[in-house]
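One structure is given here, and the rest of the page talks about it.
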Amino acid sequence: MKFYNRTSEIKELQRIQKLSFDSYSRMTVITGRQRIGKTSLVVEATKGEGSTVYLFVSRKNETTLCEEFSLLISFGLGTYVPPEIKSFRSLFQMVMELAKTRKFNLIIDEFQEFEYVNLSVYSDVQNLWDQYRKQTYLKLILMGSVFSMMHKVFEGYKEPLFEKYFRLKMMESQQYSAIGSWRERKKGKDTDEIDIIGLFAGDKKALIAEVKRLRRNYDHKEFMEKIECVKARILSKYKIEIRLLTLEDM
């Protein structure tokens, strides 16, 4: 079957795949309603270089799901998966170990459904990704059809994946003496939140960053109002650098 249109999206996915295979692992998140062509798009974009493993998350017992996934990984990568692996954490860790010496694509569809399988999967994936990302050559694609749940997974209040990724990246740069966030609840109003604040080492300079999945979700006026508030409260003596961080920066 031929694939039509979506040329720019395919090129972007292939660009990220090349970065994953040439330097270190990258993660892409794709959301959209069912039956709009997400799977076809990703399959088309991952043709050619590297093997591809496609895993579909359904609401099953974790052990049963891992047995199915083990067969798909074994077939897709031509590797042995020990039968004692019964948790997705162990399976994902094995995949990351394989990616130390092999370049391949891992597609996990309906990623948000892990909430009904084992809620700890999200933190497990996050921690293993942080541990292995710079040592491996994996193109990880996470897809979901329930936007509200995918938003909760990736931009939820408690340590969202995006924020954690950028915080770790800042820590690795060793430019900052402190990295944190800022929140202030106002009576009768929504809470003012700054996603990331980094204080530069040895200088009265601070980075204030807003983290959004997509650039179109960014409200510059609202962000500047929050910056003025945090400057008045705690950063009045600092020179401020502002930055928007999105999926494009991962």
Considering residues that are surrounded by 13 or more Cβ atoms within 10 Å (Cβ to Cβ) and in a helix (DSSP H, G or I), the number found within the stretch 69-104 is 18
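Conditions tested, residue by residue: (1) at pLDDT below 90; (2) among the small types (Gly, Ala, Ser); (3) surrounded by fewer than 18 Cβ atoms within 10 Å (Cβ to Cβ).
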site	(1), (2), (3)
ALA206	no, yes, no
VAL211	yes, no, no
ARG216	yes, no, yes
HIS220	no, no, yes
CYS229	yes, no, yes
ALA232	yes, yes, yes
THR246	yes, no, yes
Over the stretch 153-192, the set of residues touching a helix residue (DSSP H, G or I) at 6+ places or on another chain (Cβ under 8 Å) and modelled with pLDDT of 80 or more is TYR176, ILE179, SER181, TRP182
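The values are calculated or read from the model by the stated rules, or taken from the named source; none is laboratory data. Please read these numbers as outputs of a predicted model, since none were measured by experiment. Every residue, glycine as well, gets a Cβ built from its backbone with ideal geometry; the counts of neighbours run over all protein chains shown.
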